[in-house]
């Protein structure tokens, strides 16, 4: 059986996205998209749901169910990732600590570090002569990229 192909009906409101690149979690009328990555270990990026208006109890429920779902689907202990400068960092830190036996590791980052990485990555692509598509915009020069980035962060 291939990667992510194990069947689990325990959580019908949770789905794994294409190539395992995200998890869709349906909570009432809300659909949460939780980022996942598989390079150098299976990671669940809980900081990707920072902007959702959820109660502490909702976040705890999402955390536990997503962790259980992911472990059943992949049969591996994931690495959990969250941003320490996010408003929900204390919740993620507490939950990760409580789940330490169920996970491989915890990785922390900051939103600023993520922004810096994304900026440097995209700028380097353009400097190498590659065209990038960002938010429906085609960018081919460093000047175009700088203008896009400035507007994006206003």
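The values are calculated or read from the model by the stated rules, or taken from the named source; none is laboratory data. None of these values were measured; they are calculated from a predicted model. For neighbour counting, all protein chains shown are included, and Cβ atoms are generated from backbone atoms with ideal geometry for every residue, glycine included.
Within the span defined as region 110-128, one or more residues are assigned to a loop (DSSP other than H, G, I, E, B) and at pLDDT 90 or above. Taken over region 74-88, the criterion of being farther than 21 Å from residue 109 by Cα and under 17 Å from the mean Cα position of the chain (by Cα) is satisfied by 74 alone.
Taking the listed residues 19, 5, the one that is assigned to a helix (DSSP H, G or I) and at pLDDT below 90 is 19, with no other qualifying.
Does residue 104 satisfy being free of Cβ contacts under 8 Å to residues at least 12 places away in the same chain and in contact with a strand residue (DSSP E or B) (Cβ under 7 Å, 6 or more places away or on another chain)? Answer is no for this residue.
Only residues that are modelled with pLDDT of 90 or more, surrounded by fewer than 11 Cβ atoms within 10 Å (Cβ to Cβ) and part of a loop (DSSP other than H, G, I, E, B) were counted across region 129-144, and they come to 1. Considering region 22-54, the residues that are surrounded by 13 or more Cβ atoms within 10 Å (Cβ to Cβ) and assigned to a loop (DSSP other than H, G, I, E, B) include one that is modelled with the lowest pLDDT, namely 50.
Quick check, is residue 152 loosely packed, with under 11 Cβ neighbours inside 10 Å and either at pLDDT 95 or above or more than 19 Å from residue 14 (Cα to Cα) (or both)? Taking the combined requirement at face value, the residue does not satisfy it. Right, residue 94: over 16 Å from the mean Cα position of the chain (by Cα) and touching a residue at least 40 places away in the same chain (Cβ under 8 Å) or not? Against the criterion (over 16 Å from the mean Cα position of the chain (by Cα) and touching a residue at least 40 places away in the same chain (Cβ under 8 Å)), residue 94 does not qualify. Taking region 107-127 as the range and being exposed (fewer than 11 other Cβ atoms within 10 Å of the Cβ) and either touching a residue at least 40 places away in the same chain (Cβ under 8 Å) or closer than 27 Å to residue 67 by Cβ (or both) as the test, only 112 passes.
Scanning region 82-105 for residues that are part of a strand (DSSP E or B) and buried (at least 16 other Cβ atoms within 10 Å of the Cβ) yields 82, 83. Say whether the condition of being within 24 Å of residue 115 (Cβ to Cβ), out of contact with any strand residue (DSSP E or B) (no Cβ under 6 Å at 6 or more places or on another chain) and at pLDDT below 90 is met by at least one residue in region 64-76. Scanning region 64-76 turns up no residue that is within 24 Å of residue 115 (Cβ to Cβ), out of contact with any strand residue (DSSP E or B) (no Cβ under 6 Å at 6 or more places or on another chain) and at pLDDT below 90.
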